[in-house]
Every structure is written in structure tokens, then in C-alpha cells.
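Please read the structure below before turning to the comments.
The values are calculated or read from the model by the stated rules, or taken from the named source; none is laboratory data. This one's a predicted model, so the numbers in the text were calculated from it and none came from an experiment. Using ideal geometry, Cβ is built from the backbone for each residue, glycine included, and neighbour counts are taken over all protein chains shown. Ligands, DNA and RNA are stripped out before the accessible areas are found, and what is left, the full protein with its side chains, is counted by its heavy atoms. Shrake-Rupley method; radii C 1.70, N 1.55, O 1.52, S 1.80 Å.
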Amino acid sequence: MAASEENVSIADHAKRTRREPGALRQYATQLAGNPLGIVGLVLVVLIIGCAILSPWIVPYDPTQIFVGPRLGGPSWAHWLGTDQLGRDTLSRVIAGSRIAMLVAVATLGTALTIGLLLGLIAGYGPQWLDNILLLLFDAVRSFPVIVFGLALVTLLGPSLQTVILVVAITSVPIYARIARTQTQSLRNAEYIQAERAMGAGTMRTLAIHILPNVIGPLLILVSMDVPLVIATEAGLSFLGMGVRPPTPSWGTILNDGYGVIRNSPWPVISGSVPIVIVTLGFTFLGEALRDIFDPKLRRDL
Amino acid sequence: MSALLEVEDLRVRFRTIGSLRARIRGVEDPFIDAVCGVSFSIREGETLGLVGESGSGKSTIARALIGLNPVADGSIRFDGREIAGLGERQYGALRREMSMMWQDPVGSLSPRLTVRSLVTEPFRIHGVKGRDLDEEASRLLTMVGLGPDFASRFPHQLSGGQARRVGVARALALDPKLVIADEPTAGLDVSVQAEVLNLLGDLQRRLGVAILVITHNLNVVRHITDRMAIMYLGRFVEQGPTEDVFFHPRHPYTEALLSANPEPDPDAAKERIEISGEVPSLLDRPKGCEFHTRCLYAQDDCRRVAPGVTRESETHRYTCHHPLSE
């Protein structure tokens with residue numbers, strides 16, 4: 001009877017306090033005390049909101065030509081004016097945010113997964129494997145991203161998938177290196193030794209005891225890397241190596257606008273401002289997150 | 001009175017430099033012997049204390065027993081089975097019968113698991129079926145004097161003493177026959193140390209588990225062990241029943257260690273024997289008796305000839321040319 005009462009109380013506790021009580025609220029308070037972090041959060045929410053809701057909030061079809069005058073300035077009908085084909089620039093910018101976020105999520109997701117996996121193998125596996133992987137990481141990182149991109153585009157042809165592939169491949173080594181360093185610092189931790197002594201297999205040790213302690217810093221890095229990825233996508237698209245017209249991307253908007261900048265500056269301005277907003281937003285948010293979760297400042301992360 | 005664990009001539013060596021570099025530099029023997037021909041045994045339900053300075057090889061023995069350090073030479077028989085040289089995987093079910101308490105009470109607990117998960121981890125690792133893990137967690141926590149309330153806490157929310165109790169609960173989860181306790185009192189307040197030692201003693205009487213205690217704290221040894229062994233530079237210099245060794249030490253090193261231990265009785269006449277010098281490097285072991293560089297009674301033969309093991313009685317042995325008399 002007593003035993004069953006104890007069980008109830010254990011289950012109760014599990015429900016009530018999965019984490020430290022108020023931990024989330026504590027983080028929220030810390031974020032509120034960081035004005036730049038708030039600005040970042042607002043901008044990030046704005047961009048992500050645009051990306052998700054873009055099919056419903058665009059005022060015009062972003063690929064429909066001659067919905068307005070050619071190269072028109074801002075007006076009540078077209079807030080950001082129109083481009084050389086008479087397409088509504090605001091609609092194209094909003095639709096472009098979707099491409100940008102799609103690229104960011106796909107590349108960073110891929111890069112994080114592969115990087116984490118390789119990093120764990122390098123950090124926990126045998127020394128020779130570590131050496132080979134490190135050599136590989138350094139080799140990949142020594143390519144300039146854009147030049148590597150041009151090479152891959154030449155091979156595979158310009159497309160959204162190629163952009164994602166380029167950025168993912170070049171980001172993997174960064175994540176892998178960080179994951180490797182973290183793993184190495186943990187492999188001799190006493191609790192990992194204890195797990196081994198109890199007979200836990202390598203997979204179990206990695207998945208349950210190492211991975212959760214490695215992933216935190218990586219997630220912060222991901223948030224800081226979003227602007228980098230988006231800028232690379234815009235850059236490749238600007239060079240005609242990325243998204244194919246007429247699909248709207250911030251890079252293609254810039255490219256279109258750059259040809260007609262003497263006639264109307266609005267397309268270039270509209271294409272570049274969102275890149276600035278994304279960069280500032282994710283950087284501010286990332287830095288605020290890093291301050292809050294910094295493993296050196298808060299060991300109970 | 002059968003021996004549960006019989007260690008014979010155990011040797012654990014570590015490579016100092018890579019084989020290629022050793023060849024280039026002409027180093028013939030690129031190894032150090034962290035544990036160097038150690039023999040002892042533990043009977044079922046018995047407590048053996050392993051004492052020595054830092055770096056004397058105590059923890060290395062523990063890690064070798066549990067299969068985390070490779071055994072270079074010698075034999076380890078556990079429950080009648082030879083386990084020296086088994087790979088980490090072949091240890092398998094053996095790890096149910098032999099468990100370890102680690103030095104750092106908090107640091108040996110995986111930081112993102114709850115106490116419930118931590119104490120039931122052995123069940124999950126060994127795929128023990130047919131037991132309600134919540135019930136087991138609650139049983140184990142109650143056994144070590146923590147309420148079931150602790151089940152949902154994380155390691156960083158525990159004090160050192162509480163974390164140590166969790167470590168005890170985890171070590172005893174699968175009813176092992178042998179528990180290796182590496183510095184069970186390290187980093188704990190004196191009052192908490194006493195609680196933990198009493199807990200260990202209690203559990204041992206109730207569960208009949210054998211314990212190998214590794215420590216440099218002689219009071220711990222005196223308090224809970226039946227027999228003790230003194231280590232110096234990876235070798236046993238003396239071993240025997242705890243009472244015997246405490247009251248009739250034969251080896252000068254034992255005598256010096258014992259005299260360095262604070263005596264609670266202020267009236268007890270006590271002469272403090274100081275040994276000078278540093279522990280010699282394992283890379284450069286002294287010739288002859290390895291303790292002669294620091295021994296107060298060293299004579300000529302000590303510097304030339306290594307002493308053999310002398311059996312004072314069935315259980316009390318020491319390694320010295322000129323043992324102390326009463």
C-alpha cells in the first residue's frame with residue numbers, strides 16, 4: 001500500500017516538474033531585460049510570419065506581370081512600387097521571404113544533422129577516424145563558399161536544390177567541429193565513465209548522455225547562421241546561380257532591380273532591406289540567446 | 001568463505017609515447033606500470049580498504065577490475081571466472097554483479113537525467129524485464145534514505161550528500177555481489193561523510209555485498225573495512241586485517257601514514273613520523289626497495305635488493321627488509 005502511494009507521488013512530481021519550475025519564465029525575464037534581444041525577436045517573428053503566411057497575405061500574385069505600371073514608385077496600390085515587368089514588388093518581397101526561410105531551414109537542418117553526426121563520430125570514435133574527419137572538414141572549409149557554389153552549379157545546373165546543397169555542404173564542417181570539441185570534452189567526464197562501467201553501449205551513451213549536452217551550443221550557432229545562409233542564397237540568386245526566375249527571391253529581385261537602378265531605385269531597396277532585417281533580427285536574437293544559455297555562465301543549462 | 005574476487009599479480013601499464021616515436025628516440029620501454037604485480041582477494045560480504053597517496057594506483061586497480069583499463073598481465077578471477085583481458089563488450093552481464101561508485105558525487109550523474117532515470121539506468125541498460133521501474137526507483141531511493149520526492153530532481157538540484165546517496169542507490173540497483181567505492185567520502189562534509197559511511201555499513205550488513213573501498217582517508221578505512229592494503233607506487237607494501245595493520249604496522253610507510261592521521265583523542269601520546277621527499281616518478285622507479293628514498297630506516301641492502309613479500313600471518317603480509325617490531 002505504501003509503495004503504491006509513493007508511486008503516485010512520483011508520477012505526480014513528473015507531471016508537475018518536468019523541468020526546474022519557472023525555468024522558462026526565468027529565461028523570458030532575462031530576454032525581456034535585453035532590448036536588442038526583444039528587437040531581434042520581433043524582427044524574427046515578423047519574417048517567419050511573412051514566410052509562413054505569404055500565400056495569404058500577398059496583395060497580388062507575385063509572378064503576375066502588369067498588375068501595375070512598369071517601374072512605378074510607391075503608391076497606395078503598390079506600397080513598394082512595381083518592377084520592370086509591372087509586378088508588385090511588395091508581393092515579391094513577401095514571397096521571397098518564403099524562399100529565404102525555406103533555404104535556411106533546409107540547409108541548416110541538413111547541416112546540423114550531418115554535422116552533429118560526424119562531430120559525434122570524430123569526437124567519440126577512434127583517433128585515426130578523428131584525424132581523417134578533421135582533414136575532411138578543413139578541406140571543405142578551405143573552399144570559398146561562392147566559388148564552390150559556382151562549381152556545383154556548373155555541374156548540377158542552377159536551382160533551389162543546388163543552393164541548399166552548396167550551403168549545407170559548406171556549413172557542415174563548422175557544426176561538426178563544434179560538436180566534436182564538445183564530445184571530446186565529455187568523453188572522459190565521470191558520468192560517461194560511469195555509464196560505460198554499468199555496461200551502456202556506445203549508441204546509448206551517445207544518444208542519451210552526450211547528444212543532449214552537445215546540442216545546446218549548436219542551436220545557438222544555428223540561429224546566428226540563418227542570416228549567413230540567407231545572404232548566400234540571395235548572393236547566388238543575384239548571380240543567376242540560384243533560384244530561377246520568375247520565382248521571387250530577394251536575390252533575383254536585387255538582380256532585376258540592379259539593371260534598372262537608374263530608372264527606379266525601389267526594387268533594389270525593397271530587395272535589400274529584408275536581408276538587412278533578417279541579418280539584424282537573427283543576430284540580435286542569437287546573441288541574446290547565447291547570453292542566456294551560455295554554458296559558462298549557467299552550468300545548470 | 002570462498003573468495004569472491006581473486007586478483008593475482010595484476011599489472012596495468014600505460015603507454016607514455018607512441019610506438020613510432022619510441023623507436024625514433026630509442027626508448028626501449030615506452031610504458032609505465034601504474035599497477036605493478038598486485039595480489040589480493042575479497043570474500044563475499046567482506047570490505048577491503050585500499051589506501052595510498054594520490055597517484056599510487058588505487059583508482060587504476062578499480063578501473064581495471066571494472067574493465068575500463070586494459071590488464072597487461074596477471075589474473076582477475078571474479079566468482080570463479082577469469083575476467084582479465086575480457087573486452088568491454090564481453091563484460092556484459094558481469095557488470096550486473098560488479099558495480100562502482102565514482103569519486104565525484106554530482107559529476108558521476110548524467111546532468112540531464114532525473115534521479116528516477118539515473119537509479120533505474122542499470123535496469124534499462126541490462127534490459128531487466130518484468131519490474132516496474134517507478135516502483136524500483138522508489139524502493140532504491142527509500143533504501144538509501146532519500147524520499148521518493150527526489151525522483152524528479154536533476155543532479156544539479158542535489159547536495160553532495162544527496163548525490164552520493166543516489167550514487168549508492170544506483171550502484172546497488174541490480175543487487176551486485178561487489179561494489180567498488182572510489183573515495184566514497186570525497187567532497188563531503190564530515191557529518192555527511194559519517195552518514196554515508198553508516199549507510200554503506202548498514203546496506204552491507206543487510207545485503208551482504210562485498211565492498212572494495214578506495215580512499216586516502218584512514219578514518220574511513222578504520223571505520224568500515226575488515227582488511228586493508230597500503231599502496232605505494234603501484235605495489236602493495238602491506239596488507240592485512242585492519243586492526244592488525246593499525247596497531248601493529250610492519251612497514252615504515254604504513255607507520256608514517258598512520259602517524260599522519262589526526263588522532264581524535266588529545267591525551268593519546270603520539271609521535272608523528274614525518275617522511276620527507278616527493279613520491280618518485282613512475283617513469284623512474286628507485287632501485288632496490290622503492291620506498292628507500294623516503295624511508296627513515298633505510299639501510300644499504302634496501303638500496304640494492306628489492307624486498308620480497310613476508311607473511312607475518314595467514315593474512316598479514318608486508319614487503320620490507322627491516323620490518324618494524326612492536
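Distance between the modelled labels on A:ARG187 and B:SER75, one decimal in nanometres: 3.4 nm (7 Å Cα→Cβ projection). Within the stretch A:242-286, the proportion of Cα pairs with more than 17 Å between them is 40 percent. Got a number for the accessible area of A:MET241? Probe 1.4 Å, square angstrom, nearest 10. Counting only protein heavy atoms, A:MET241 exposes about 50 Å² to solvent.
Counts of other chain beta carbons within 10 angstrom of each beta carbon in peptide B:154-160 average 2. Stokes-Einstein diffusion for chain A at 10 °C, viscosity 1.306 mPa s, with a Kirkwood radius from C-alpha pairs, works out to 72 µm²/s. Net length available on complete extension from B:VAL279 to B:ARG222 is 18.1 nm, with 0.36 nm assigned per residue and the Cα-Cα distance removed.
Rounded to two decimals, what is the ratio between the C-alpha radius of gyration of the stretch A:165-215 and 2.2 N^0.38 Å?
Numbers: Rg = 13.3 Å, N = 51, 2.2 N^0.38 = 9.8 Å.
Normalised Cα radius of gyration, the stretch A:165-215: 1.36.
Round to the nearest 0.05 the FRET efficiency obtained for B:GLN90 and A:LEU219 when R0 = 30 Å and r is the Cβ-Cβ distance. Step by step, r from the Cβ atoms, then E = 0.20. Applying 1/(1 + (r/R0)^6) with R0 = 45 Å to the Cβ-Cβ distance of A:ARG141 and A:PHE66 gives a FRET efficiency near 0.45.
Over the whole of A:175-185, what's the average partner chain Cβ count within 10 Å per residue? Rounded to a whole number, please. Walk me through the numbers on the way to the answer.
Working: counts 0, 0, 0, 0, 0, 0, 0, 0, 0, 0, 0.
Mean partner-chain Cβ count within 10 Å for A:175-185: 0.
Accessible surface of A:ARG98, taken over heavy atoms with a 1.4 Å probe and every protein chain present, rounds to 100 Å². Between B:SER19 and A:LEU134, the distance separating the two model label sites (each 7 Å from Cα on the Cα→Cβ line) works out to 2.1 nm.
Protection proxy ranking, highest mean first, for peptides B:295-304, B:166-175: B:166-175, B:295-304, where packing is the per-residue count of other beta-carbon atoms within 10 Å, averaged. Computed on the stretch B:234-326, with alpha-carbon pairs under 8 angstrom and 6+ residues apart, the relative contact order is 36 percent. Partnerless cysteines in chain B, where a partner means another cysteine C-beta under 4.7 angstrom, comprise B:CYS36, B:CYS295, B:CYS320.
If you bin all the Cα-Cα distances of the stretch A:112-224 at 10 Å, starting from zero, the percentages per bin are 14, 38, 29, 14, 5, 0. Only helices enter the 222 nm calculation for the protein assembly as shown: every DSSP H run of n ≥ 4 contributes -39,500 (n - 2.57), and dividing by all residues gives -16000 deg cm²/dmol, rounded to 500. Over all orientations, the protein assembly as shown has a Cα convex hull whose mean projected area works out to 38.7 square nanometres. Note on B:ASP149 and A:LEU117: their simple-model spin labels are 4.6 nm apart, each label 7 Å out from Cα toward Cβ.
Per residue, what volume in Å³ does the convex hull of the Cα atoms of the stretch B:3-318 enclose? Walk me through the numbers on the way to the answer.
Working: hull volume 50.2 nm³, N = 316.
Taking only Cα atoms, the stretch B:3-318 has a hull volume of 159 Å³ per residue.
Look at the alpha carbon pairs under 8 Å that are at least 6 residues apart: their mean separation over the length of chain A gives a relative contact order of 25 percent.
Counts of other chain beta carbons within 10 angstrom of each beta carbon in peptide B:56-68 average 1.
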